[in-house]
Amino acid sequence: MTLEKNEVINQLLNKNLKIIQRPDFFNFSLDSLLISNFVSLTRGTKKIVDLGTGNGAIPLFLSQRTESKITGFEIQEVSANLAKKNINLNNLSEQIDVIHDDMKNWKEYFENGSQDVVITNPPFFKFHGNENQLNDLDQLTLARHEISIDLDSLIEVSSKLLKDKGYFAMVHRPDRFLEIIDTMRKYGIAPKKVQFCHSKIDKPAKILLIEGIRNGKDTLNILPPIIAHDENGQYSEEILELFNDHKKS
């Protein structure tokens with residue numbers, strides 16, 4: 001496989017996976033690993049969509065847990081091409097597809113209510129600039145800010161993609177927790193479990209993991225927190241365990 005300028009291949013720690021990344025584009029982070037481990041995958045899970053797949057990290061991680069069909073949506077061409085390369089690099093082309101398009105165009109690829117799981121690691125930050133600035137933004141800003149899609153539209157698309165009792169899972173920021181809950185319920189997704197991730201045990205939560213069920217009942221379970229680093233700043237045993245291979249469902 002030929003690498004383009006700025007592309008590098010990284011081993012995903014203890015997992016039997018490799019990933020091509022570019023330092024000038026948004027790379028996978030611990031968020032992708034956390035949400036891939038957090039989402040519920042059952043024997044009935046056959047079809048999964050990852051909205052805003054980037055370079056395909058979430059589908060790669062999910063492939064370690066399931067043999068379900070996984071499709072990634074990615075609006076940025078360079079990231080979509082990287083995701084396709086990563087799928088081929090790991091010999092996963094029969095399981096994972098990547099669609100280079102705006103996720104708002106989902107109707108061109110899927111039927112309403114056709115997916116068992118929708119998962120996403122979306123842009124976290126609201127964009128406070130103006131339309132005149134959009135053409136000058138770099139790809140990292142586009143990946144981190146709600147420019148191509150906002151939280152409301154993302155959850156609306158997710159709800160329409162999901163079958164009845166299908167699972168929606170997202171990683172986001174705790175300061176938007178109430179907005180996330182309100183928006184999920186607005187589009188018929190009942191929040192079912194929430195988990196907060198702290199960088200250290202004495203620090204405020206930095207990451208929020210949330211899962212809901214389309215047309216589910218209103219029962220919310222708050223899971224024990226994840227502590228990412230120990231007192232020495234190293235990954236905690238809990239995090240290191242996530243990098244080990246998992247049996248497929």
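Taken together, the values in this text are just the output of simple stated rules run on the coordinates, not laboratory data. It should be emphasised that the depicted structure is a prediction, and the values quoted were computed from it without experimental measurement. Glycine also receives a Cβ, built like all others from the backbone with ideal geometry; neighbour counts cover every protein chain displayed.
Values computed for the structure shown
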item: Computed FRET value (nearest 0.05) for SER114 with ASN232, which takes r as the C-beta separation and R₀ as 35 Å; result: 0.15
item: Theoretical gain in end-to-end length, ASP150 to ASN91 [0.36 nm per residue, Cα-Cα removed]; result: 17.9 nm
item: Relative contact order computed over segment 162-233 (Cα-Cα under 8 Å; 6+ residues apart), in percent; result: 38
item: For segment 147-249: rounded, prolate or oblate by the Cα gyration tensor [a/c cutoff 1.5]; result: prolate
item: Gain upon complete extension [PHE243, ASN105; 0.36 nm per residue less C-alpha separation]; result: 46.3 nm
item: Using a Förster distance of 25 Å, the FRET efficiency for LYS200-THR42 (Cβ separation, nearest 0.05); result: 0.15
item: Over 28 Å between alpha carbons, listed pairs LYS85/LYS163; LYS85/LYS206; LYS18/LYS203; LYS47/LYS193; LYS47/LYS217; LYS18/LYS107; result: LYS85/LYS163; LYS85/LYS206; LYS18/LYS203; LYS18/LYS107
